1. If you average the alpha carbon positions of region 1-27 and of region 275-330, how far apart do those two centres end up, in angstrom?
2. Please list 3J(HN,Hα) in residue order for region 212-224, calculated via the Karplus relation 6.51 cos²θ - 1.76 cosθ + 1.60 where θ = phi - 60°; whole Hz, with x for glycine and proline.
3. To the nearest 20 debye, what charge dipole does region 151-328 have about its Cα centre, counting +1 at the Cβ of each Lys and Arg and -1 at the Cβ of each Asp and Glu?
4. Going by how many other beta carbons lie within 10 Å of each one, how would you line up S22, S43, fewest first?
5. With 24 Å as the cut-off, how large is the P(r) tail for region 87-199, expressed as percent of Cα-Cα pairs?
6. In a Gaussian network model over the chain where Cα atoms closer than 10 Å are linked, find which of V137, V253, V33 has the largest mean-square fluctuation.
7. If amide hydrogens are placed 1.01 Å from N in the peptide plane, which non-local residues have theirs closer than 5 Å to the one on L40?
8. Using a 10 Å cut-off around each Cβ, can you sort V284, V315 from fewest to most neighbouring Cβ atoms?
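Taken together, the values in this text are just the output of simple stated rules run on the coordinates, not laboratory data. Predicted model, so just to flag it, every value in this text is computed and none were measured. Reconstructed Cβ throughout: ideal geometry from the backbone, glycine too, with neighbour counts over all protein chains shown.
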Amino acid sequence: MDPFLFELSGEHPSMPMAEALSLLALEPQGRVVESGPGYLVCSMEDASLDRVADRIALTHRIGKHLLTCHPNELWHRAEALELPPGSFSVRVKRFESAMAEVDTRSLTRRMGGLFKNNKVELNNPDMELRVFLSDRVSIHIASRGIDRRSLETRKVAERPFSSPISLHPRFARALVNMTGVRPGEALLDPLCGTGGLLLEAASMGIKAIASDVSESMVDGCRSNLAHYGHELFDSAVCDVGGIEDHFGHLAAVVTDPPYGRSTSTGGEPLEKLYARTVDASHAVLKRGGALGIALPSPLAGWKGFQEVYRFSQRVHRSLTRNYHVLQRRG
């Protein structure tokens, strides 16, 4: 097995790492080698690369890892490297403000002159050698760039059926991934709204199931998935407390419930709706299944679950999202 380096995005302090670890856990023999701010080095089979890269949202690139070391060891270690045959280019990436004292242009030039058996080609190289600056220096050969642009085409404003508030597809996809649901397994959003979470699930080969108390929401969710070439595996029009009558033994429940006072909840306090959602999710999940939920305030408590992840994300002055991933115990 080869070691791979993930260049994580800086969109959140800890969610990108959690998403990468969640997907790595699905791969046979996948294990962590080392990690640091903005990067993860892991060992996995070559066949795992495309599976992980096709799903991951909060990572920029994945590549064959060559070395990670302290700056004072760099040139001694780099001189011992041998690149595969072919031309190459060098790109230096600094994570946030790491190693601000390093002149990246000088580093690029020196690194480009290090491999005498390979030709430097800037325009169309056979490989891209990437130097990643963080708490240490890492070098890898880029294998897969993550197609994050396609996620932009699925933003709420691009869908035929939309609502004012929805998770960005990057974070919707990451939340689905952090539940550990596998392709072919079933995932329910019991407050489906416009279907942003289910759209990401369906695009990864997961069986997308929608329910909502509003028939127009379920229909709109279905039309959004169809617009992008996907379909619902199952659906129901029902209150969240009634999902056990329609579904069961699911691998995951993922939802982004309504937040504001203007949202129609039939007069039910939002905190009560959130608590009922957690209880109803427990009822339909199989043992070991996971609930991923985004809320405007931290979840106060839960029964029958073990917390896997908890994150806070400031969206704007009046909204902070709190993401919870909980695993059903029994």
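1. 21
2. Whole-Hz 3J(HN,Hα) from phi for region 212-224: 6, 5, 9, 5, 5, 5, 4, 5, x, 4, 4, 5, 5.
3. For this selection, approximately 700 debye.
4. Final ranking by Cβ density, sparse to dense: S43, S22.
5. The share of Cα pairs beyond 24 Å in region 87-199 comes to 52 percent.
6. V33
7. Distant-sequence amide H within range of L40: F6, L8.
8. Listing V284, V315 from fewest to most nearby Cβ atoms yields V315, V284.
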